[in-house]
Amino acid sequence: MLLVIEDLNLSVPTPEGPRQILRGVTLDVAEGETVGLVGESGSGKSTTARAALRLVPDGASLSGTVTTCGCSMVADDQATVRTVRSEMAAMIFQEPRAVLNPVRRIGDSATERLVHVHGVAKAQARERIASLFAEVGLDNTDRLLRAYPHQLSGGMLQRVVIAAALSISPSLLLADEATSALDVTTQAEVLALLRRLQREREMGVLFITHDLQLAAAYCDRVYVMKDGSVVDHQKASTIFVNPANPYTKALADAVPKLPDREPNVMEAQS
Ligand SMILES: Nc1ncnc2c1ncn2[C@@H]1O[C@H](COP(=O)(O)OP(=O)(O)O)[C@@H](O)[C@H]1O
Ligand SMILES: [Mg+2]
């Protein structure tokens, strides 16, 4: 298993006292598997994924176990956690603008881990990133590498951080709404790329989305979260057929269905 979270509880201090954000979350991701984590906004999806890299809010208290690529994110020392973050598991954050340094060029940010952690020569790192840029549908690579984050659209930044995450060939990819800001065509291209890399490298993916339909179509298994708890866990193939949990059923029922085509007035008249 690449990720095993068991009975994870997490609370943060607030002026009104501790606020529990995660309640007994249990989930796992195996090698080569795509696992969906679905739920409405505020249900705790991002907090769960961040906990897999011990990126928890200041002052948070935590119980349970989080084992990422064989290392405990609760008990192990900071050096081990750093190794997991830089070499084994990569996260695509929901808000690329918040994670990219606004005063650094895209090329420096995107190649940082390859150069400083993996010891890849700068020119080689740029080449690797440039080819990943092309794969996620970004062209004009030279200009892009010299650009600053504010010069790029949200969709372009999202693709930059996807390429940067994939550049270290992670065993585990935590994709937090990674394709939500992209148009459908680009989304399909990026998902196809993820799928291909996943097959080649046996990469495990935790695929976070608010879109149950996308999760059902793209993932092997799906966990459904609500109010900090996992309320359902199913094979993706059965989630629409047999939504055992009432909340999953409500989510499934909320997916808009295409109505049967009404006969056109002109056709009806002729
Ligand atoms: N650092 C924090 N301090 C206080 N509350 C937080 C913090 N981080 C997240 N939360 C709250 O925890 C809940 C879950 O957030 P999050 O994991 O981002 O949900 P999701 O990704 O499913 O939208 C939300 O209500 C959010 O406001
Ligand atoms: Mg989120």
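The numbers here are math on the coordinates, done by the rules we state, and not lab data. All figures in this text were calculated on a predicted structure; none of them were measured in a lab. Cβ coordinates were reconstructed from backbone atoms using ideal geometry, including for glycine residues, and neighbour counts include every protein chain displayed.
Assorted remarks:
- Of everything in the stretch 25-69 that is surrounded by fewer than 14 Cβ atoms within 10 Å (Cβ to Cβ) and away from ligand 1 (no atom under 15 Å from the Cβ), the residue that is nearest to LEU2 (Cα to Cα) is GLU31.
- Any hit, the stretch 149-159, residues being under 14 Å from the mean Cα position of the chain (by Cα) and either more than 16 Å from ligand 1 (Cβ to nearest atom) or within 29 Å of GLY39 (Cα to Cα) (or both): yes
- Qualifying residue in the stretch 15-28 (condition: in contact with a Phe, Trp or Tyr (Cβ under 7 Å, 6 or more places away or on another chain) and of a type outside the set (D, E, K, R)): yes
- Among residues of the stretch 22-45 that are of a type in the set (S, T, N, Q), those with a beta-carbon under 6 Å from a residue that is part of a strand (DSSP E or B) at least six positions away or on a different chain give the pairs THR26/GLU6; THR26/ASP7; THR34/VAL205; THR34/PHE207; SER43/MET225; SER43/LYS226.
- Every pair of residues 6+ apart whose Cβ atoms lie under 6 Å, when the first sits in the stretch 114-131 and is closer than 15 Å to PRO170 by Cα while the second is part of a helix (DSSP H, G or I) and β-branched (Val, Ile, Thr): ILE129/THR111
- Candidates are the residues of the stretch 202-224 that are over 21 Å from MET1 (Cα atoms) and within 12 Å of ligand 1 (Cβ to nearest atom); the one that is surrounded by the fewest Cβ atoms within 10 Å (Cβ to Cβ) is HIS210.
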